[in-house]
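The values are calculated or read from the model by the stated rules, or taken from the named source; none is laboratory data. The structure presented is a predicted model; accordingly, all values stated were derived computationally and were not measured. For neighbour counting, all protein chains shown are included, and Cβ atoms are generated from backbone atoms with ideal geometry for every residue, glycine included. What goes into the accessible areas is simple: the full protein's heavy atoms, side chains included, and nothing from ligands, DNA or RNA. Shrake-Rupley method; radii C 1.70, N 1.55, O 1.52, S 1.80 Å.
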Amino acid sequence: HLPQTHAIVKLIRLLCDFAVEPIVLLTETNVPKAENLSYFGKRDEAHVIYNFPLPPLILHALIAGTAKHLAKWQRSMPPAPLGCAYLNFTASHDGIGMRPAEGLLSQDDQNAMIETVKRSGGLVSMRALPDGGQAPYELNTTYFDALSQTLDGSDDHHFDRFICSQTIVMSLEGIPAFYIHALLATPNDQDAVVHRGMNRAINRHRWDYSELRAKLDAPDSTHAKVMKALLDRLRLRKAQAAFHPNATQFTVHTGDDRILGLWRQSLDRRQSIFALHNVSSETVTVPVSVLNLIEDEDWVDLLVGEPIREDDIVLAPYQCRWISNSG
């Protein structure tokens with residue numbers, strides 16, 4: 001983060017701006033918030049920066065059944081400068097970094113999350129501390145398997161819990177990004193860890209194409225169901241002006257920590273979407289009164305095509321709702 005480093009990024013950005021081809025400059029800086037945000041510069045450095053706290057915060061919310069920490073962090077995040085954006089993701093070819101969770105999740109919360117991931121077949125990579133000790137650096141697991149159970153153990157909500165995690169990424173201000181193994185619902189590859197001698201191999205499964213094709217062609221396979229669900233939501237998302245990377249976002253206070261609520265408004269202010277996400281295994285009711293639904297407009301849940309008429313909005317375990325005044 002030296003001035004010289006930022007000078008190099010500015011030089012690369014200048015070359016990008018004058019290139020014939022449209023180029024998006026993305027910086028990957030897995031560091032605390034202030035240092036990460038500094039790579040936007042004055043709209044003269046990166047167009048896009050990785051949103052590194054999201055993977056551990058979303059994972060914790062869904063296995064603990066509370067969006068308290070995720071919402072608190074989200075309320076503290078500034079909007080990206082116009083023409084710039086956050087890259088929102090949960091999974092990558094590396095592990096789920098634990099350093100971005102420092103100061104956002106207590107040590108007890110982190111320990112509980114680590115133990116849950118280990119029960120789901122995941123691994124933990126450590127980093128050396130200056131005093132000679134060690135601390136968790138990253139959780140090595142596929143994101144799909146990381147959500148196979150909660151702090152309370154296994155249940156029947158694995159699929160819905162995972163789809164909820166990826167829907168949160170689609171709802172947030174910025175650009176959603178998806179690791180191929182998240183789209184494919186790839187399980188942990190324990191054999192690869194042994195064969196390659198590295199923890200990160202657990203999340204880098206090498207699919208045989210014909211085997212994968214057969215699984216995706218089988219409608220009842222988990223892989224096909226996950227990919228279809230995510231692609232359907234991405235197509236729907238693409239048509240909504242309120243999900244523009246720079247569209248306004250506010251975190252909605254629903255009065256229930258089991259619900260992550262976001263209000264998105266299009267740049268022309270014509271469309272609003274209230275994105276509600278139940279991160280718990282319980283049915284939750286949200287009073288319509290906590291949302292700013294303009295009285296004379298028709299509101300509909302885009303995800304299920306149902307009009308919103310009741311005084312209360314009910315969300316099943318891990319259900320998401322995109323409540324919009326236009327679709």
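Can you pull the Rg over Rh of region 178-268, Cα-only, Kirkwood? Result for region 178-268 is an Rg/Rh of 1.13.
Taking 1.306 mPa s as the viscosity and 10 °C as the temperature, the Stokes-Einstein diffusion coefficient of region 204-327 based on its alpha-carbon Kirkwood radius rounds to 98 µm²/s. Net length available on complete extension from LEU26 to GLU282 is 88.3 nm, with 0.36 nm assigned per residue and the Cα-Cα distance removed. Annotation: region 47-170 has a Kirkwood hydrodynamic radius of 15.1 angstrom, from the mean reciprocal C-alpha pair distance. Hydrodynamic estimate: the Kirkwood radius of region 124-175 over Cα pairs, inserted into Stokes-Einstein at 20 °C and 1.002 mPa s, corresponds to D of 159 µm²/s.
Summing Cβ point charges (Lys, Arg +1; Asp, Glu -1) relative to the Cα centre of region 1-111 gives a dipole of roughly 340 debye. Entry for the chain at q = 0.07, 0.13, 0.16 Å⁻¹: log10 I(q)/I(0) = -0.30, -1.04, -1.47, Debye formula applied to identical alpha-carbon scatterers, no solvent contribution.
Measuring between their Cα centroids, region 224-254 and region 116-189 lie 20 Å from each other. For the chain, adding -39500 (n - 2.57) for each run of n ≥ 4 DSSP H residues and dividing by the number of residues yields -9500 deg cm²/dmol at 222 nm.
Straight Cα distances below 28 angstrom link LYS215 to the lysines LYS118, LYS225, LYS228, LYS238, with same-chain residues fewer than 8 positions distant left out. Think of each Lys and Arg Cβ as +1 and each Asp and Glu Cβ as -1; about the Cα centre, that makes the dipole of region 101-153 roughly 180 debye.
Here, region 229-284 yields an orientationally averaged convex hull projection of 4.6 nm² when only Cα atoms define the hull. When each of the peptides 180-186, 101-107 is scored by how many other beta carbons lie within 10 Å of its residues on average, the order from highest to lowest is 180-186, 101-107. Dipole size of region 204-324 about its Cα centre, with +1 on Lys/Arg Cβ and -1 on Asp/Glu Cβ: approximately 860 debye, rounded to the nearest 20. Computed over protein heavy atoms with a 1.4 Å probe, the accessible surface of the chain works out to 49 Å² per residue. With all pairs of separate Cα atoms included, region 64-104 yields a Kirkwood hydrodynamic radius of 12.6 Å. Loop-located trypsin sites (Lys or Arg not before Pro) in region 269-327 (DSSP state not H, G, I, E or B) with no more than 12 neighbouring Cβ atoms inside 10 Å: ARG269, ARG270, ARG309. The modelled label-to-label distance between SER76 and ILE180, using points 7 Å beyond Cα along the C-beta direction, is 3.6 nm. Apolar share of the accessible surface for region 228-324: 46 percent from carbon plus sulfur atoms, 1.4 Å probe. May I ask for the distance between the Cα centers of region 94-113 and region 3-31, given as a whole number of Å? So the two Cα centres are separated by 30 Å.
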